[in-house]
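Following: one structure in structure tokens, then a few remarks.
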Amino acid sequence: MSVPPGADPTLWELHRAVSQLREDLRGDLAQLAARLDQVVTEDVYRADQRAVDRRISQIEAGLSGLRGEHDQATERAQQQRREDQAQAAATRRLVVSSFVSPLGLMALQLWLASRGAAP
């Protein structure tokens, strides 16, 4: 029921309003107590944070070790590639000196022989 603007509430209405406020407050306090049961203490939180920090530090150390190993493996692979390229160049020089040079000398001797300047 609506109360006219100038009318004072009766005692029964005041009692009912206070009772309703009390019930609301009781429910709110019960919800707050339930939420506080789920909250951890500051000491537990700090201990958990220290454990997390330790785990992160260990992971970072392991990661930096793996990164170093990867860099070393990459450097070894590059060094091996350079050695393989040098070996391929040496093989090409060997092929040239073993097959092409004698053929060139033989062609020169044949040309000289055809001109009559053979020894």
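Every read-out reported here was derived from the displayed coordinates using simple, explicitly stated rules and does not represent laboratory data. On a predicted model such as this, the values are computed, not experimentally measured, just so you know. Reconstructed Cβ throughout: ideal geometry from the backbone, glycine too, with neighbour counts over all protein chains shown.
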Checklist entry - Which of Gln72, Ala47, Pro102 sits farthest toward the positive end of the charge dipole of the stretch 12-115, with +1 on the Cβ of Lys and Arg and -1 on the Cβ of Asp and Glu? => result Pro102
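Where does the charge balance sit around Asp53 when Lys and Arg score +1, Asp and Glu -1, over other residues with C-beta under 13 Å from its C-beta?
Charge balance in the 13 Å sphere: +2.
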Checklist entry - Based only on Cα atoms, what Rg/Rh ratio does the stretch 12-115 have, Rh being taken as Kirkwood's radius? => result 1.85
Item to check | Directionally averaged shadow of the stretch 67-119, computed from the convex hull of its alpha-carbon atoms, nm² | outcome: 4.0 nm²
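For the chain, what does the helix formula give at 222 nm: sum of -39500 (n - 2.57) over DSSP H segments with n ≥ 4, over the residue count, nearest 500 deg cm²/dmol?
One gets -29500 deg cm²/dmol as the mean residue ellipticity at 222 nm.
Please state the charge dipole magnitude for the chain, taken about the Cα centre, from unit charges on C-beta atoms (+1 on K and R, -1 on D and E), reported in debye and rounded to the nearest 20.
1380 debye
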